[in-house]
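Student: Below: one structure in structure tokens.
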Amino acid sequence: MRTLHVAVVGGGISGLVAAHRLRCLLGSSARITVLEQSDRLGGKLRTAEVGGRAYDVGAEAFLHRRPEAAELVAELGLAEDLVHPTSAAASIRAGGEVRPIPAHTLLGVPASVEAVRQVLSADGLRRVAAEPALPPIELGGADVAVGALLRERFGPEVGDRLVGPLLGGVYAGHADALGLRATMPQLATALDSGVGSLLAAAATTMPAPPQPRGRRPPVFGTLTGGLSSLVARLVEVAAPEVRLGLPVRGLVRREHDWRLEIGSATAPRYLDVDGVVVAVPAPAARKLLVDVAPAASKEYAKVEVASMAVVALAFPPGTVLPERSGVLLAEGERFADGTPFTAKAFTFSSRKWAHLGGEPVLVRGSVGRHGETAALQRDDEELVAAVRADLAELTGVTAPPVDAVVRRWGGGLPQYGVGHLDVVRGIEDAVADVPGLAVAGATLHGVGIPACIATGDAAAARVAAHVLGRVRG
């Protein structure tokens with residue numbers, strides 16, 4: 001029997017999960033080739049050495065309440081390395097003050113007035129309390145911008161002080177440009193069901209309170225050796241042929257198989273395969289699919305992307321951090337002297353994760369929102385200095401770091417704009433008409449690790465069904 005050969009374009013978590021699942025479905029004899037144009041695998045999962053410690057400078061954790069990542073960790077034999085955050089609470093800097101992030105909210109949308117009493121002004125609280133008496137929200141199946149809806153129902157403060165910073169942390173975007181249905185699907189579902197108030201809709205999404213003496217399940221998880229250990233284990237188990245530093249320049253569907261053009265335009269190479277998984281960011285997917293799935297390419301072109309940077313800092317022993325897991329900064333926050341902050345968030349990792357306690361003291365700052373490029377145009381030394389100044393203003397920590405690492409993430413963070421679900425439906429419908437082709441990645445059904453894993457699994461199942469069907473047919 002002829003050896004089956006499948007290509008996975010893109011070596012991030014979605015592509016590597018697709019390769020792993022293809023191995024499971026196609027067996028040990030199949031050829032699986034992963035092509036990644038950069039010099040490493042893992043995409044946004046990257047663990048660096050900072051101050052002599054393994055420290056994530058990309059994604060730092062995954063949502064544990066969603067099952068895909070935790071199940072994959074267990075499947076790969078990494079369950080003993082799985083850890084959860086400490087009890088240290090997160091905080092937010094808004095209106096010039098740092099306060100705990102309210103617990104009884106959905107990404108900052110309050111489920112009660114009491115939940116946000118410590119964060120909003122008296123006028124902001126009045127607006128929240130009055131919201132249920134406004135005319136009922138009737139979306140009629142349409143999507144709306146989160147920021148506009150919040151201002152209409154609550155006034156400016158809920159969006160500026162709570163939802164904006166939280167969404168900015170997830171998407172590196174702005175609430176005014178992000179769509180409700182893709183970023184807060186639970187809220188949209190509640191509104192579609194006839195709940196006419198944002199306050200009431202958020203309340204319907206809240207988990208039941210824990211039983212007496214009970215504990216809530218952990219929200220987040222990570223691996224003690226860093227999330228790159230997940231990447232390494234996927235590669236080990238999937239055993240693909242890995243080709244790094246080779247961009248895929250084009251896809252051609254032939255009568256019975258696919259041809260990939262890879263390498264430079266002046267000296268192209270070709271790879272013939274039975275099926276293809278495309279697991280790359282939207283701009284690259286648009287180019288790859290322009291001939292073989294033009295309707296999908298057109299939809300990918302509608303997805304904007306943001307850039308950001310992580311500044312990882314290791315401080316000397318004895319450096320005292322606040323008793324919090326970190327702090328998000330609302331847009332427009334400034335120093336006491338009026339200087340704008342550079343960072344949008346800080347994670348006090350030595351407080352947040354027990355396995356990162358001890359020496360040195362680890363902190364990471366995040367910089368960059370969609371459309372804001374000035375801060376990211378600074379060189380590494382300037383960016384470190386600016387983030388250190390922000391940290392000093394927020395916490396009083398002025399000690400020189402013993403190590404600093406800057407990791408820039410250019411153009412890889414998709415923006416889930418108004419109508420994003422329609423865009424994704426258009427992509428997937430168009431790809432469904434092309435035998436042997438599937439797509440995966442953060443552009444589709446969520447930017448978090450579990451969502452990316454789900455798209456990789458689904459893409460692998462689709463391509464495997466095609467190639468196995470041809471063999472059996």
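The values are calculated or read from the model by the stated rules, or taken from the named source; none is laboratory data. All figures in this text were calculated on a predicted structure; none of them were measured in a lab. When we count neighbours, we look across all protein chains shown, and the Cβ atoms used for this are built from the backbone with ideal geometry, even at glycine.
Student: Hey, among the residues in region 68-104 that are out of contact with any Ser or Thr (no Cβ under 9 Å at 6 or more places or on another chain) and of a type in the set (Val, Ile, Thr), which one's nearest to residue 197 (Cα to Cα)?
Tutor: Taking the candidates together, the pick is 92.
Student: For a quick check of your reading of the model, give me the residue pairs whose first member lies in region 143-166 and is not assigned by TED's automatic domain parsing to the domain that holds residue 120, whose second is of a type in the set (A, V, I, L, M) and part of a helix (DSSP H, G or I), with beta-carbon atoms closer than 9 Å and at least 6 apart or on different chains.
Tutor: Nothing qualifies.
Student: Now a separate question. Would you confirm, using the coordinates I've provided, whether residue 422 is at pLDDT 95 or above, among the acidic types (Asp, Glu) and in contact with a strand residue (DSSP E or B) (Cβ under 7 Å, 6 or more places away or on another chain)?
Tutor: no
Student: Would you check which residues across region 425-473 are without any contact (Cβ under 8 Å) to a residue 60 or more places away in the chain and either touching a Ser or Thr at 6+ places or on another chain (Cβ under 9 Å) or under 17 Å from residue 59 (Cα atoms) (or both) and list them?
Tutor: 444, 445, 446
Student: Can you find a residue in region 67-88 that is in a helix (DSSP H, G or I) and under 27 Å from residue 367 (Cβ atoms)?
Tutor: Taking every residue of region 67-88 in turn, at least one turns out to be in a helix (DSSP H, G or I) and under 27 Å from residue 367 (Cβ atoms).
Student: Same structure, new question: Mind listing whichever residues of region 152-166 are closer than 15 Å to residue 332 by Cα and either surrounded by 24 or more Cβ atoms within 10 Å (Cβ to Cβ) or of a type in the set (Phe, Trp, Tyr) (or both)?
Tutor: 158, 159, 161, 162, 163, 164, 165, listed by residue number.
Student: Here are some residues: 82, 72, 16. Which one is touching a Gly at 6+ places or on another chain (Cβ under 9 Å), touching a residue at least 60 places away in the same chain (Cβ under 8 Å) and more than 22 Å from residue 325 (Cα to Cα)?
Tutor: Exactly one of 82, 72, 16 is touching a Gly at 6+ places or on another chain (Cβ under 9 Å), touching a residue at least 60 places away in the same chain (Cβ under 8 Å) and more than 22 Å from residue 325 (Cα to Cα), namely 16.
Student: Scan region 177-187 and give yes if some residue there is surrounded by fewer than 17 Cβ atoms within 10 Å (Cβ to Cβ), of a type outside the set (S, T, N, Q) and touching a helix residue (DSSP H, G or I) at 6+ places or on another chain (Cβ under 9 Å), otherwise no.
Tutor: yes
Student: Here is a check on your reading of the model: is residue 131 over 29 Å from the mean Cα position of the chain (by Cα) and free of Cβ contacts under 8 Å to residues at least 60 places away in the same chain?
Tutor: no
Student: Within region 114-164, track down each residue that is more than 19 Å from residue 183 (Cβ to Cβ) and of a type in the set (Phe, Trp, Tyr).
Tutor: None; the set is empty.
Student: Suppose the filter is part of a helix (DSSP H, G or I) and among the β-branched types (Val, Ile, Thr); does residue 443 pass it?
Tutor: When the stated conditions are applied, residue 443 passes them.
Student: I've got another one for you. Take the residues of region 340-360 that are touching a residue at least 24 places away in the same chain (Cβ under 8 Å) and assigned to a loop (DSSP other than H, G, I, E, B): which is surrounded by the fewest Cβ atoms within 10 Å (Cβ to Cβ)?
Tutor: Step by step, filter region 340-360, then rank; the result is 359.
Student: Next question. Specify the residue that is surrounded by the fewest Cβ atoms within 10 Å (Cβ to Cβ); the eligible residues are those in region 93-149 that are of a type in the set (D, E, K, R) and part of a loop (DSSP other than H, G, I, E, B).
Tutor: The qualifying residue surrounded by the fewest Cβ atoms within 10 Å (Cβ to Cβ) is 138.
Student: Then there is this: Which is of a type in the set (Lys, Arg), in the same structural domain as residue 451 (by TED's automatic domain parsing) and surrounded by fewer than 20 Cβ atoms within 10 Å (Cβ to Cβ), of 334, 269?
Tutor: None of the others qualify; the one that does is 269.
Student: Report, by residue number, each residue of region 47-56 that is surrounded by fewer than 20 Cβ atoms within 10 Å (Cβ to Cβ) and either in the same structural domain as residue 453 (by TED's automatic domain parsing) or on the phi < 0 side of the Ramachandran plot (or both).
Tutor: Scanning region 47-56 gives 48, 49, 54.
Student: Going by the structure shown, is residue 59 assigned to a loop (DSSP other than H, G, I, E, B) and surrounded by 20 or more Cβ atoms within 10 Å (Cβ to Cβ)?
Tutor: So residue 59 fits the description; yes.
Student: Can you work out which of the residues in region 231-247 that are β-branched (Val, Ile, Thr) and either part of a helix (DSSP H, G or I) or farther than 7 Å from residue 35 by Cα (or both) is nearest to the chain's Cα centre (by Cα)?
Tutor: 231
Student: Would you point out the residue of region 361-404, among those that are small (Gly, Ala, Ser) and part of a loop (DSSP other than H, G, I, E, B), that is farthest from residue 330 (Cα to Cα)?
Tutor: So, considering only residues that are small (Gly, Ala, Ser) and part of a loop (DSSP other than H, G, I, E, B), the one farthest from residue 330 (Cα to Cα) is 399.
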